[in-house]
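No value in this document is a laboratory result; all are computed from the given coordinates. Computed from a predicted model, the values in this text were never measured in an experiment. Ideal geometry is used to build each Cβ from the backbone, glycine not excepted, and the neighbour counts take in all protein chains shown.
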Amino acid sequence: MPEILTAGETMAVLVPEGTGPLHYHDRYQLKAAGAESNVAIGVCKLGHTASFLSRIGEDEMGIFILHTLRAEGVEVNRVKTDSGYHTGLMLKEIDERGTKVFYYRENSAASHMQTEDVQEEFLQGVKIVHLTGVTPVLSKSCKEAVDKLFALAHQKNIQVSFDPNIRKKLWGDKDYSELIRNYTMQAQIVLIGLDEAEILLETRDKDKIFHRLFVKGNARIAAIKDGANGAFVSDGKSIEEIPPYPCHPKETIGAGDGFNAGFLCGVLEEKPLDICGKMGAVCGALATEVTGDFEGYPTQIQMKQILNGEQEIFR
């Protein structure tokens, strides 16, 4: 039985072999990516168990995604193959200013997830349900599926971990701030970016952010992620500053999901709060050293070596 259940959309991703505008490239690597499945993969690489709930198209990209997730140890029995819709696609454009993404996910199979896809028995043995603000904005039926997961987790006294993961390219001309704010305030574990806190909570002050999450919300544990500047974590009683883990970044997409995976594994292992934060920082930093979302995430052995201050032997 999986320790963590997560739900959302995983897409096939085309990553150019070089940098600069896509129209100058004719060689691409095929990868898989999605905020929620990234976390599931990170959790499995660290020696824990995770299950992914979604829909994919009955197409070659869907098969590729299933093969990828299975290879990383993620349980995919809760992924439904949908013959009526295609698997979503994303393209990355990478340059020195950062990474730009192009989505081809409208009317994808995952956007047609339904409440019927969420079965009560899926939560048997689950310790944490991890969700993000991406999924409920994909469609009305996706929002209803997320609402059902929140409700079932609450009924079964299972902690919900929530990352707002604001993606304004998906918002179009709508403002989903209130919707995502409501999910954030319902969750027991909140993993929020500093920029997202400014949008949702109207402040960048860490003390005020934590105050709102713990006093006005339902948070029991929370982390404020600030990229290369590190993070702050709190249990509502104390605040720990987490310095960034040294790395040589190539591309940053997937770093926040990596932090989430490392942090949640620390929670599962009942580690001290600062160690949970360090585990998150390590995963997030190593994610940036490759152009794929999750390929840089550390294994359980690598994490132990880093936490113990051991130097890896290469030759």
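A few remarks follow.
- Distance between the stretch 54-85 and the stretch 142-212 - C-alpha centres, whole angstrom: 26 Å
- Dipole of the stretch 20-110 computed with +1 at Lys/Arg Cβ and -1 at Asp/Glu Cβ about the Cα centre; of TYR85, GLY34, TYR104, farthest Cα towards the positive end is GLY34.
- Within the chain: Cβ-based charge dipole about Cα centre, in debye rounded to nearest 20 (Lys, Arg +1; Asp, Glu -1): 380 debye
- At full extension, THR299 and TYR24 could sit 95.5 nm farther apart than now, given 0.36 nm per residue minus the alpha carbon distance.
- Once the C-beta distance of LYS80 and GLN155 is scaled by a Förster radius of 22 Å, the resulting FRET efficiency is 0.45 to the nearest 0.05.
- The listed peptides 156-166, 39-49, ordered by packing as a protection proxy, come out as 39-49, 156-166 (highest mean of other Cβ atoms within 10 Å first).
- Within the stretch 103-250: Cβ-based charge dipole about Cα centre, in debye rounded to nearest 20 (Lys, Arg +1; Asp, Glu -1): 100 debye
- Once the chain from ARG97 to GLU17 is taken as fully extended at 0.36 nm per residue, the excess over their C-alpha distance is 27.1 nm.
- For the stretch 1-45, the relative contact order works out to 45 percent when only alpha carbon pairs closer than 8 Å and six or more residues apart are counted.
- Dimensions (Å) - the stretch 218-315, Cα atoms, principal axes, largest first: 45, 26, 20
- By the helix-only formula, in which each DSSP H run with n ≥ 4 contributes -39500 (n - 2.57) and the sum is divided by residues, the chain has a 222 nm mean residue ellipticity of -10000 deg cm²/dmol.
- Modelled label positions at ALA228 and MET1, each set 7 Å beyond Cα in the direction of Cβ, lie 4.5 nm from each other.
- Shape annotation for the stretch 70-122: C-alpha extents along the principal axes are 46, 28, 18 Å, from largest to smallest.
- Once both labels are positioned 7 Å from their Cα atoms along Cα-to-Cβ, the gap between GLU269 and THR203 label points is 3.3 nm.
- P(r) tail fraction, the stretch 96-249 - alpha-carbon pairs more than 20 Å apart, %: 54 percent
- The residues packed around ASP175, meaning those with a beta-carbon under 12 Å from its beta-carbon, carry a net charge of +1 if Lys and Arg are +1 and Asp and Glu are -1.
- The stretch between GLN119 and ASN218 holds 33.2 nm of extra length on full extension. This uses 0.36 nm per residue minus the Cα-Cα distance.
- Over the stretch 20-124, the alpha carbon radius of gyration divided by the compact-protein estimate 2.2 N^0.38 Å works out to 1.19.
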